[in-house]
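The values are calculated or read from the model by the stated rules, or taken from the named source; none is laboratory data. No experiment lies behind these values; they were computed from the predicted model shown. We place every Cβ from the backbone using ideal geometry, glycine too, and count neighbours over all the protein chains shown. Surface accessibility is based on the protein's heavy atoms, side chains included, excluding ligands, DNA and RNA. Shrake-Rupley method; radii C 1.70, N 1.55, O 1.52, S 1.80 Å.
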Amino acid sequence: MLIRVRLSVMVVTLLTLAAAASAEERPNQRHQPRRLPGMSDEGTIVLPNQWSLKPAGKQIKLGDFPVQVALHPKGLWAAVLHAGYGDHEIVIVDLKDEKVLSRVSVPQAFYGIAFDRDGDELFASGGEYEVVHRYAFADGYLSGHRAINVAKSDETFVPAGLATSADDKTLFVAGGWGHALAAVSLEAPAQATRLKFSEDSYPYAVLPTPDGERLFVSLWGKGAVAVIDLKAWEIDDTWPTEPHPTEMVLSPDAERLFVACANSNKVTIIDTKTGQAAETISTALYPKAPNGSTPNSLALSPDGKVLFVANADNNNVAVFNTSEPGESRSMGFIPVGWYPTSVRFHPLDKRIYVANGKGLMSSSNAQGPNPNQDPPSSVRQYIGGLLRGTLSAIDSPSPNQMARYSEAAYRASPLKSDFAPSPEPEADNPIPAKVGGDTPLRHCIYIVKENRTYDQVFGDMPEGNGDPHLCLFGEEVTPNLHALAREFVLLDNFYVESEVSADGHEWSMAAYATDFVEKTWPLVYRGNQKKLDYPSEGHFDIAVPAGGYIWDRCREAGVSYRSYGEFIDMGKKKGDPAVATLPALEGHFDPQFHPYDLDYPDVKRVERFTEELHQFEKAGEMPEFIVLRLPNDHTYGQRRGKPTPTAMVAENDLALGMLVEAVSKSKFWQDTAIFVVEDDAQNGSDHVDAHRTVALVISPYCKRHSVDSNLYSTSSMLRTMELILDLKPMSQFDAAARPMYASFQAEPDTSGYRHRPARVDLQARNASSGWGVEQSAQLDFSREDAADDILLNEIIWRSVRGPDSRMPPPVRASFVIAREEEEEDDD
């Protein structure tokens, strides 16, 4: 047996991580050292989302977002499939020498890679190109490439999980977006048969039984496993699971099917004789933790006694003793890298291998975006293309090592066993210390903007940790943002959890993005075939987190809520009212408020909101939670005839100032807190980290004229609003996030705010010629992030700094540093 004694789940005291860097003391920031993302003095790696890493074992550098590992059945090799924003490729790793042997690029991939039974051939998903790549494999190298067409070119099938039959004559292919299963004859690949599942099933992984009679297919979107009778070639049964079933493994006797369920904290264990769930395992650090562990991959020791589960968002592998059916017991946790996507146990060397999708740590990158270089070289400097993964190679741990690993896994998490906020506030802080606590605040207004880093806007503020050389839209362009930061609180250590808008709006509204969103947006943003749609903001049921969105929590708690443009689409025709993308927002949004549309001024959006604000005053009540979208700081780049980036950011700034002034003059001001954040910081320059962004807190109860340098993220903002409104956390991330206590004080200052007029020409238009005009004409601005942000940010930079000015190298999450750590066997 791999781990020789049972270890109970360990609950250890969470320790405060040492600061990565200290700030100079400021008059209103005494004894508040600034803790930055990166390597800490204790050897842990602080992430921008407030969690930490201390990965076990040795790390082998891979590529852009590894999503699946296939172990060679007879040798010490691993094939790793990459499906991030940048290069899609298959990397072959020599596990004995712990090095990459070879790389093969593919136009596109998705989850799906498998050896045949003898290891002579390798198959890999071709994504939206509707092929499966077939290679001969020998001594760590691939050759003889052939493409197997599994769908017509105009069809949307998107190969996902793959497996060969027991006789290696048939390849089974899950069609993720085709909601179907294909069986391809490997002797005559043109011959293929199909089985159709219900719409929105999203088949993910396939697993044949050893006897060749049945095939299991996890239905990612349906919370079920389909059972296929291979002889009859029909769906024999459907077995329910927890949400988002992904990978599956069978016990050696084939009587238990283990299913990782990624939109939960659980693994469903099914009795294959009855089809009933025999057991459910919680993989979270604490049994009753909110959603957020994201168990998306699993492996079983050859004797079936030890189960390994990769918790993507907890950055660990949960280990269970499964020797007794129905009585699985936790053996602890192994800390790994950032967002583990695949875990495997190799019977030949008795090691555990883990693909860490986002790698190991944040650090500076060597080059900034350069539109003069064509991808793929330039995409490595794009935040979406910097998910530089690693492969962890971990020796089978002894009991003592397992205990140390478990302790390290708990220390890496800021989540407490009682899920209470931490640290506790001062006794008179207006933000409650727990849900249900007293507060003088009754209303929260949450304003979401688009795509700016801290340095791009606040880099010129000497009060904070900024770099003026990176500041594009300083006080001359954004007088209201600067005035609000000075009059209320400057937040110079605030980060988004997201990389782009697709996961950004999910994190902004749910403190979580599902595995569907995380694994789909890179394909959408690459835009190779343009078959897949933007996976966020209520457009797919499968994207909805199990913990729901903040308006779901409001509804549960009886808190009134209203959306202005968030998760709202334009009407079908020009002039039609806007429409909600989710049922929970029906009757809780303003159909006259204009959603994302760069041609519609943000000032007009605020004028519409102000009309309703006056109506609320007449009625005597305003919704307790309001979310409002001001998107135009996204800009049009240098698109001919459109407002210049400077004009658009300045108009967005004016709109924000007008909104704050209107609220501060209303009867609701005295018990209101306004929170402002960018949905993501995508691809702008920042000298600390690409995830650092512009954020504001505005309220009579704010600490006026202060700087708050605590490490916060969007989840901190959500947690603070939840405490005010008496809402339960939506995920482990808002439950664990530091509330923004330090930005508030007990005594209110009810003096209002007067907006600052624009200092630049809001009517300025881009010229018909010049650097970036032709490039901007080719960009898609129909929705957020549809444009190439590598190029867009360079265009914005040169529009402000001049056509001959080169964008300096920003600091981003580069995920490229590999560290080695060998643990002594204390057996």
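Observations on the structure shown:
- Of the residues making up segment 574-599, those that are surrounded by 15 or more Cβ atoms within 10 Å (Cβ to Cβ) and either touching a Ser or Thr at 6+ places or on another chain (Cβ under 6 Å) or not aliphatic (A, V, I, L, M) (or both) are Thr581, Leu585, His588, Phe589, Asp590, Phe593, His594, Pro595, Tyr596, Asp597.
- Scanning segment 712-732 for residues that are within 21 Å of Gly504 (Cβ to Cβ) and open to solvent by 10 Å² or more (accessible area, probe 1.4 Å) returns a single hit, Pro729.
- Sole exception among (1) touching a His at 6+ places or on another chain (Cβ under 8 Å); (2) open to solvent by less than 30 Å² (accessible area, probe 1.4 Å); (3) not in a loop (DSSP other than H, G, I, E, B) for Arg562, by number: (2)
- Odd one out for Met717, checked against (1) part of a loop (DSSP other than H, G, I, E, B); (2) within 17 Å of Asn49 (Cα to Cα); (3) aliphatic (A, V, I, L, M): (1)
- Unmet criterion (only one of (1) more than 30 Å from Arg704 (Cβ to Cβ); (2) open to solvent by 30 Å² or more (accessible area, probe 1.4 Å); (3) basic (Lys, Arg)) for Lys519: (2)
- Of all positions in segment 731-746, at least one carries a residue that is at pLDDT 95 or above, part of a loop (DSSP other than H, G, I, E, B) and over 25 Å from Trp51 (Cβ atoms).
Matching residues to (1) open to solvent by 10 Å² or more (accessible area, probe 1.4 Å); (2) of a type outside the set (Asp, Glu); (3) outside any helix (DSSP H, G or I); (4) modelled with pLDDT under 95:
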residue	(1), (2), (3), (4)
Val457	no, yes, no, no
Asp460	yes, no, yes, no
Asn465	yes, yes, yes, no
His469	yes, yes, no, yes
Phe473	no, yes, yes, yes
Leu481	no, yes, no, no
Arg486	yes, yes, no, no
Leu490	no, yes, yes, no
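- Yes/no for Glu499 being out of contact with any Lys or Arg (no Cβ under 6 Å at 6 or more places or on another chain), of a type outside the set (S, T, N, Q), open to solvent by less than 10 Å² (accessible area, probe 1.4 Å) and closer than 17 Å to Ser264 by Cα: no
- Of the residues screened, Ala767 is not one that is modelled with pLDDT under 90, in a loop (DSSP other than H, G, I, E, B) and under 21 Å from the mean Cα position of the chain (by Cα).
- Yes/no for Thr193 being of a type in the set (Val, Ile, Thr), outside any loop (DSSP other than H, G, I, E, B), at negative phi and surrounded by fewer than 21 Cβ atoms within 10 Å (Cβ to Cβ): yes
- The selection criterion, being open to solvent by 20 Å² or more (accessible area, probe 1.4 Å) and within 21 Å of the chain's Cα centre (by Cα), does not hold for Val676.
- Check on Thr268, out of contact with any Leu (no Cβ under 8 Å at 6 or more places or on another chain), over 30 Å from Met39 (Cα atoms), modelled with pLDDT of 95 or more and open to solvent by 10 Å² or more (accessible area, probe 1.4 Å): no
- The set of residues in segment 616-650 being among the hydrophobic types (A, V, I, L, M, F, W, C), part of a helix (DSSP H, G or I) and under 30 Å from Ile724 (Cα atoms) consists of Phe616, Ala619.
- All conditions but one from (1) under 26 Å from Met248 (Cβ atoms); (2) part of a loop (DSSP other than H, G, I, E, B) apply to Leu122; the one that does not is (2).
- For segment 580-609, a residue qualifies if it is assigned to a loop (DSSP other than H, G, I, E, B) and among the charged types (D, E, K, R), and the qualifying residues are Glu586, Asp590, Asp597, Asp599.
- Residues satisfying the stated conditions in segment 509-541, i.e. under 23 Å from Pro595 (Cα atoms) and in a helix (DSSP H, G or I): Met509, Ala510, Val517, Trp521, Val524, Tyr525, Asp541
- Candidates Gly212, Gly175, filtered to the one that is within 28 Å of the chain's Cα centre (by Cα) and open to solvent by less than 40 Å² (accessible area, probe 1.4 Å): Gly175
So that you can scan it fast, the table gives a plain yes or no per residue for (1) aliphatic (A, V, I, L, M); (2) out of contact with any Gly (no Cβ under 9 Å at 6 or more places or on another chain); (3) under 16 Å from Glu247 (Cβ atoms):
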site	(1), (2), (3)
Ser165	no, no, no
Leu171	yes, yes, no
Gly175	no, yes, no
Thr193	no, yes, no
Ala205	yes, no, yes
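One line per residue, one yes/no per condition, for (1) farther than 24 Å from Thr246 by Cα; (2) touching an Asp or Glu at 6+ places or on another chain (Cβ under 8 Å):
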{"site": "Val91", "(1), (2)": "no, no"}
{"site": "Asp94", "(1), (2)": "yes, no"}
{"site": "Lys99", "(1), (2)": "yes, no"}
{"site": "Ser105", "(1), (2)": "yes, yes"}
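- Lone unmet requirement of (1) open to solvent by less than 10 Å² (accessible area, probe 1.4 Å); (2) in a loop (DSSP other than H, G, I, E, B) for Gly326: (1)
- Residue pairs meeting the criteria (Cβ under 6 Å; at least 6 apart or on separate chains; first within 14 Å of Leu47 (Cβ to Cβ), in segment 476-499; second part of a helix (DSSP H, G or I)): Val496/Thr714; Glu497/Trp507; Glu497/Thr714; Ser498/Gly504; Ser498/Trp507; Glu499/Ile383; Glu499/Gly384
- Screening Lys61 on (1) open to solvent by less than 10 Å² (accessible area, probe 1.4 Å); (2) in contact (Cβ under 8 Å) with a residue 60 or more places away in the chain; (3) under 17 Å from Leu391 (Cβ atoms) shows it passes everything except condition (1).
- Screening Leu300 against (1) open to solvent by 10 Å² or more (accessible area, probe 1.4 Å); (2) under 25 Å from Val173 (Cβ atoms); (3) over 29 Å from the mean Cα position of the chain (by Cα); (4) not hydroxyl-bearing (Ser, Thr, Tyr) leaves a single unmet condition, (3).
- Annotation: of all residues in segment 542-555 being touching a helix residue (DSSP H, G or I) at 6+ places or on another chain (Cβ under 9 Å) and assigned to a loop (DSSP other than H, G, I, E, B), the one that is surrounded by the most Cβ atoms within 10 Å (Cβ to Cβ) is Tyr549.
- Looking across segment 625-660 at every residue that is among the acidic types (Asp, Glu) and under 28 Å from the mean Cα position of the chain (by Cα), the one that is modelled with the highest pLDDT is identified as Asp653.
So that you can scan it fast, the table gives a plain yes or no per residue for (1) open to solvent by 30 Å² or more (accessible area, probe 1.4 Å); (2) at pLDDT below 95; (3) more than 26 Å from the chain's Cα centre (by Cα):
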residue: Gly384; (1), (2), (3): no, yes, no
residue: Arg404; (1), (2), (3): yes, no, yes
residue: Ser413; (1), (2), (3): no, no, no
residue: Ala433; (1), (2), (3): yes, no, yes
residue: Val448; (1), (2), (3): no, no, no
residue: Asn451; (1), (2), (3): no, yes, no
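- Residue satisfying all of: in segment 130-159; modelled with pLDDT of 95 or more and hydroxyl-bearing (Ser, Thr, Tyr); nearest to Glu199 (Cα to Cα) among these: Thr156
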